[in-house]
1. If you count, for each residue, the other Cβ atoms within 10 Å and average over each peptide, how do 174-180, 27-33, 253-259 line up from highest to lowest?
2. Listing Lys274, Lys162 from the residue with the fewest other Cβ atoms within 10 Å to the one with the most, what is the order?
3. When Lys and Arg each count +1 and Asp and Glu each count -1, what net charge do the other residues less than 12 Å away from Ile197, Cβ to Cβ, add up to?
4. Return the percentage of antiparallel bridges among DSSP beta bridges fully within region 4-85, rounded to the nearest 5 %.
5. Within region 93-200, count lysine pairs with alpha carbon atoms under 28 angstrom apart where the residues are 8 or more positions apart or belong to different chains.
6. Enumerate the aspartates and glutamates that Lys61 could reach by cross-link, defined here as Cα to Cα under 12 Å, with residues fewer than 8 away along the same chain left out.
7. On average over all directions, what projected area in square nanometres does region 212-284 have, based on the convex hull of its Cα atoms?
8. Under 24 Å Cα to Cα from Lys269, which lysines show up? Leave out anything in the same chain fewer than 8 places away.
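What follows is calculated from the coordinates using simple rules that are stated; it is not laboratory data. What you see is a predicted model, and the numbers here were worked out from it, not measured in a lab. Virtual Cβ from ideal backbone geometry, glycine too; neighbours counted across all protein chains shown.
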Amino acid sequence: MLSKKQILILKKIVHGNLETNVSMKNHTSFRIGGNASVVIFPSEIPDLIEAILYLNKIKCKYYCFGLGSNLLVSDNNICDIVLIKLGRNFNHVTVDKNKIIAYSGASLNSLCMHALNAELTGLEDAFGIPGSIGGAVLMNAGAYNFETKNVVSRVVALINNKIQIFTEFNFSYRHSIFQELKNVIILQVELKLNKGIKANIKSRMDEIMNLRKTTQPLDFPSAGSVFKRINGIVVSYEIDKMGLKGKSIGGALISTKHAGFIVNTGNAKCQDVKDLINLVKEKFKKEKNIELKEEIKYLGG
């Protein structure tokens, strides 16, 4: 727990973009989570680096996250670590010819719109992925015909308090080199796209969004697809076959629209979601001898 003096020092470092007693329900797409004692919202890279250096100096643990679109937060209050959200303020974007350079907190949707306005093609199938570009790079996020690895050309990251530039990423399914490193924070991402025709780009974006609305439960809070693909198996199809589609625990529900999603029907607790995840994993283990792995990340006890 930070002292009042330490909080004041951090506020000066990030120019006041610091909040206390923050409900994490307002900072995750699941709309689940207890209160965090301190959340920092840096808007510039130097602020972020200085804040981290200070937290290291006082030996305070911290956790960085983006838009919270694949994060399941405990219902317990988070008091022992400082949260750093790279999203609301950390989202500067510039377009340079066929390149888009963005701070890691910029949303994929905003980058899709920047690409559309600049008549750049390559991001259309990412439209509707509810995450930040930093998170997308970390996880090599993908959907339909898109994978983040298709468009990333350069990444600036903070590794053990030192800025490093990457042009090789070791991308594979839901994996990047940044998962192999310790104490890494993605700061900035450069995307290399191709010139396209605006009408065609817009048409494809509309097609992708309509497909999402038709097949995904976008009218409920969720963290997107819960489980990673494994051995070529369509997990959502198997969940449906196992009779788990529509299964609910508390306020959490395996979506009747897409069994790969667990949704918050209004008052779900973190444990409700965990219990459903464990139910699916146990069923897969028992019936198929397969160990499912989650795409979503956990925060808190």
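1. The packing order, highest mean first, is 27-33, 253-259, 174-180.
2. Listing Lys274, Lys162 from fewest to most nearby Cβ atoms yields Lys162, Lys274.
3. Residues close to Ile197 contribute a combined charge of +2.
4. 40 percent
5. Summing the qualifying lysine pairs gives 17.
6. The qualifying aspartates and glutamates are Asp80.
7. In nm², the orientation-averaged hull projection of region 212-284 is 4.6.
8. Partners found: Lys25, Lys85, Lys228, Lys245, Lys247, Lys257, Lys281, Lys283, Lys293, Lys297.
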